[in-house]
Amino acid sequence: MRFTFTLCCLLLSVLASSQNASLRGTITNKTTNESIPFASIVLQGTEIGATSDLDGKYEINNLEPGVVNVQVSFIGFKTAIRYEVELSNSRVAWLNVELEESTVEIGAAQIEVVQSANRDQAPLSVRRIGVNEVKRNPGGNRDISRAIRSLPGVTSTTSFRNDLIIRGGAPNENRFYIDGIEIPNINHFATQGSSGGPVGLINVDLIETVDFYSGAFPADRGNALSAVLDFGFKEGRMDRYSVNAVVGSSDLGLTVEGPTGKNSSLILSARRSYLKFLFSTIGLPFLPTYNDFQFKWKAKINDKNSLTILGLGAIDDFALNTSLADSTADNFESNRYLLGLLAASSQWNYTIGAKWDHFNKAGLLSVIASRNMLNNEAFKHIDNDESLARTFDYKSQEIENKFRVEQKFYFENGWKANVGVTYERAKYNNRTSQQLFAYELDSVIDFQVASDLSTDFYGAFVQASKVMFNERLTVSGGFRMDGSSYASSMSNPLEQFSPRVSAKWQLTPNLSWNSSVGLYHQRPSYTILGYRQGGELVNASNGIKYIECTHYSTGLRYDVAKWNTVVSLEGFWKDYADYPFSIDKQISLANLGADFGVIGNEAVSSSSEGLAYGLEFLVQQRLFKGFYGILAYTYVRSEFGDGQGDLISSSWDSQHLVSVTAGKKFKYNWELGARFLYSGGLPTTPYDEQNSIAIASWEANRSGLLDYNRLNSQRLGANHQLDIRLDKKWYFKKWSLDVFLDVQNIYNNVSQLPPYLDVLRDDSGDPIEDPNNPGFYQVNYIETSSGARLPSIGIIIEW
């Protein structure tokens with residue numbers, strides 16, 4: 001076997017071509033979109049390069065395939081570096097670069113003026129992630145939600161989900177954009193009312209860059225409290241069509257791109273999972289299947305106008321593996337419990353949007369329109385027998401039509417400004433029929449909801465920034481205001497006035513001090529806004545408000561541009577107010593959102609408060625002489641009100657986070673990477689045993705009820721794992737091949753999860769009543785855990 005593999009590798013290496021790759025693109029002025037002639041384009045660390053022509057175009061041929069850093073410079077402009085641009089024999093690498101004008105005077109003190117992510121508005125709390133960082137991330141499975149766990153302040157739950165917990169905030173506090181168009185969720189099998197899910201929705205083959213904000217959010221990115229992820233989709237190639245096929249650990253994917261005219265291009269992809277067959281083979285009680293489709297079409301009408309249309313959608317089905325009901329496997333009890341608890345579900349969603357960019361005398365005018373829709377259905381039959389009645393029946397839709405206009409101004413005195421307005425028309429409907437336990441009444445009730453909601457959201461924003469004193473001081477300030485026709489408690493934009501200010505002071509050529517403070521607002525989820533009883537919008541009557549969070553952050557950043565190295569230390573403080581508080585459960589909804597199902601379909605009040613604070617340390621080595629790596633440590637605390645006037649640990653209070661990622665590119669296109677993740681144990685709430693095993697309660701819920709009087713009074717053990725990935729690439733004349741081996745949790749660490757509370761059953765599976773406690777079943781706790789060694793092999797073919 002080993003001899004055969006080695007022989008195949010040698011044969012492929014002999015057939016592979018060498019220096020036949022090309023790099024092309026256009027260099028333009030970011031402010032005016034005018035071409036920049038005579039700009040210098042150099043492959044970092046080499047003398048290979050080119051100069052742009054009179055139209056700003058350049059071309060470098062006869063390059064060796066692989067990954068390179070590209071540096072672009074011109075007198076009077078900040079130097080731009082594009083990290084890890086992939087060169088291949090099978091396709092031309094297109095790299096268009098916009099250069100930003102510099103304010104450093106000739107002969108002034110030497111400061112490394114390097115153009116990077118949006119640091120005028122978010123000096124320290126924004127980090128740019130390249131597509132190759134996502135693709136090669138060990139254990140990441142080409143999923144952006146998993147890849148950013150390498151960054152400070154980011155963690156997830158110990159289960160197999162992509163819930164992003166950032167700086168102690170709940171998963172529903174994050175917002176996502178692609179090329180300026182808002183995307184409600186970036187995961188399959190989304191938790192309605194939150195933002196998580198087990199599998200990423202966005203195909204990494206369409207991504208060019210990701211800007212990750214953990215604070216200092218730009219004013220044009222509203223409705224976020226913890227993070228903004230701003231994706232940039234790449235443009236389709238302009239010379240010819242090409243195809244990329246991926247066989248991964250969980251799905252099959254196909255990406256096609258190419259020209260659709262002289263000045264337009266298209267890139268599109270489709271993926272389908274085969275998790276259903278894998279899960280059935282290994283005996284799991286649930287069988288997920290997901291499909292997704294996404295595209296971007298861009299036309300450059302002329303030098304001053306361009307039109308972008310993009311879309312993505314998903315179809316997700318979650319079935320139950322009822323064949324395991326009579327199994328005698330080792331995990332039989334756990335499977336039986338989950339089959340009794342989980343509901344079958346079906347979801348589909350889509351987003352489609354258009355963006356028109358027009359460069360005018362003042363700067364850049366952008367007009368964005370989009371529509372997105374989520375259709376979510378779930379149901380549960382008695383004993384999972386579809387011939388019997390349903391004990392749970394849920395159907396809901398969320399529809400949003402959004403419109404935004406913004407004008408960027410570039411003034412001769414160096415000031416920049418962005419002014420805009422937003423409008424959104426939203427519809428929500430919900431039909432729910434369920435038996436559940438009402439904590440407030442201490443009894444089981446028939447829970448029925450029939451709700452239809454139409455409402456409007458509107459807002460305006462202004463932001464201005466200036467770089468002064470020869471690039472030594474950068475200041476930015478702005479505000480946004482938001483309102484809604486939903487209720488009088490949300491209608492006045494002045495009540496949601498959200499000012500923000502940030503500054504960066506360049507202490508030395510390499511060292512900068514960065515600080516920001518801002519007030520941010522986020523509207524409650526549609527499940528909260530649309531909740532009705534007796535025809536009344538309950539939470540409108542309860543005076544529901546926008547959630548409020550004030551951010552403070554300060555820190556130091558040390559850049560060594562010639563080594564592609566960054567070292568930073570940042571402290572943060574987040575002060576929450578008006579968070580939704582469950583009237584029935586008497587807990588803050590900030591503690592919910594990391595599980596399947598629906599969050600917020602109940603009566604709440606805007607009465608919860610909370611804090612999240614901590615310290616982040618980062619050392620990042622971008623690709624340099626074949627090496628790259630990230631070392632990140634975060635100390636974070638997250639606390640929310642318990643309903644009694646005290647702050648207690650929230651469900652996201654992991655306290656200590658460690659991430660170490662490192663890799664090396666070797667000769668002959670071999671690459672080896674590893675990532676170690678550590679997160680402190682999350683708080684957990686014990687069960688209310690007596691109410692759980694009461695016969696009426698159990699028959700309605702089929703699961704343990706949490707004792708919210710002891711909210712988060714227990715804590716799980718720490719979770720850690722080591723992932724490795726080995727890649728080998730072959731570049732042929734007309735196509736390329738990438739084979740990779742990825743092993744998650746290589747030392748097979750197992751983390752304990754809260755036990756399942758089940759009832760004791762007889763041989764036929766029927767619950768056994770407690771003879772000493774009539775009206776109650778006998779309790780049976782089932783130990784659960786998360787973590788297993790997970791090897792996978794993937795193949796990527798491009799032609």
Problem set entry | the stretch 16-86: mean projected area of Cα convex hull, nm² | 4.9
Problem set entry | Nearest-20 debye value, the chain charge dipole, Cβ charges on Lys, Arg, Asp, Glu | 3400
For this session: Would you work out the relative contact order for the chain, in percent, from Cα pairs under 8 angstrom that are 6 or more residues apart?
Result: 11
For this session: Return the long-range amide H neighbours of L473 (sequence gap of 5 or more, or a different chain), with a cut-off of under 5 Å between placed amide H atoms.
Result: M468, Q506
Exercise. Given H placed 1.01 Å from N in the peptide plane, which residues other than close sequence neighbours of L95 have an amide H under 5 Å from its amide H?
Worked result: R24, G25, T26
For this session: Using the Cα centre as the reference, give the magnitude of the dipole from point charges on the C-beta atoms of the stretch 152-308 (Lys, Arg: +1; Asp, Glu: -1; all else neutral), rounded to the nearest 20 debye.
Result: 280
Problem set entry | Beta bridges by DSSP in the chain, antiparallel share as percent, to the nearest 5 | 95
Problem set entry | Whole-number D in µm² s⁻¹ for the stretch 544-611, Kirkwood Cα-pair radius fed into Stokes-Einstein, 20 °C, 1.002 mPa s | 144
For this session: Using the structure shown, select from K300/K361; K30/K355; K57/K664 the pairs with a Cα to Cα distance greater than 26 angstrom.
Result: K57/K664
Exercise. With every protein chain left in place, what is the accessible area per residue of the chain in square angstrom, probe 1.4 Å?
Worked result: 41
Problem set entry | Ordering of 149-157, 771-779 by packing [mean C-beta count within 10 Å, highest first] | 149-157, 771-779
Problem set entry | Kirkwood Rh in Å, taken over all unlike Cα pairs in the stretch 479-525 | 13.0
Exercise. Using alpha carbon coordinates only, what is the Rg to Rh ratio of the chain, with Rh defined as the Kirkwood radius?
Worked result: 0.97
For this session: Excluding H551 itself, calculate the net charge of residues whose Cβ lies under 12 Å from the Cβ of H551, where each Lys or Arg counts +1 and each Asp or Glu counts -1.
Result: -1
Problem set entry | Karplus (6.51, -1.76, 1.60) ³J(HN,Hα), θ = phi - 60°, over the stretch 709-725, in Hz, Gly and Pro reported as x | 6, 10, 3, 6, 7, 10, 9, 6, x, 5, 10, 8, 7, 10, 10, 10, 8
Problem set entry | Other-chain or far-sequence residues with amide H under 5 Å of L682's (modelled H) | L716
Exercise. Which Cα, out of P683, S512, P499, lies furthest along the positive dipole direction of the chain (beta carbon charges, K/R +1, D/E -1)?
Worked result: S512
Problem set entry | Positive minus negative residues near H358 (Lys, Arg vs Asp, Glu; Cβ under 13 Å) | +2
Exercise. Nearest 0.05, what FRET efficiency do Y274 and F469 give at R0 = 41 Å with Cβ-Cβ as r?
Worked result: 0.10
For this session: Take peptides 782-788, 637-643 and line them up by average Cβ neighbours within 10 Å, highest first, as a rough protection proxy.
Result: 637-643, 782-788
Seminar exercise, completed: Cβ-Cβ cut-off under 15 Å around L287, Lys and Arg +1, Asp and Glu -1: the net charge is -1
For this session: Please find the FRET efficiency linking E689 to A389, where r is the Cβ-Cβ separation and R0 is fixed at 30 Å, and quote it to the nearest 0.05.
Result: 0.60
Exercise. For the stretch 527-653, taking Cα atoms only, what is the radius of gyration to one decimal and the Dmax to the nearest whole Å?
Worked result: 20.3, 67
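The values are calculated or read from the model by the stated rules, or taken from the named source; none is laboratory data. Everything quoted here is computed from the prediction, not taken from an experiment. Neighbour counts are summed over all protein chains in view; Cβ atoms, including those assigned to glycine, are modelled from backbone coordinates with ideal geometry. Just so you know, the surface numbers come from the protein's heavy atoms only, side chains and all, with ligands and any DNA or RNA stripped out. Shrake-Rupley method; radii C 1.70, N 1.55, O 1.52, S 1.80 Å.
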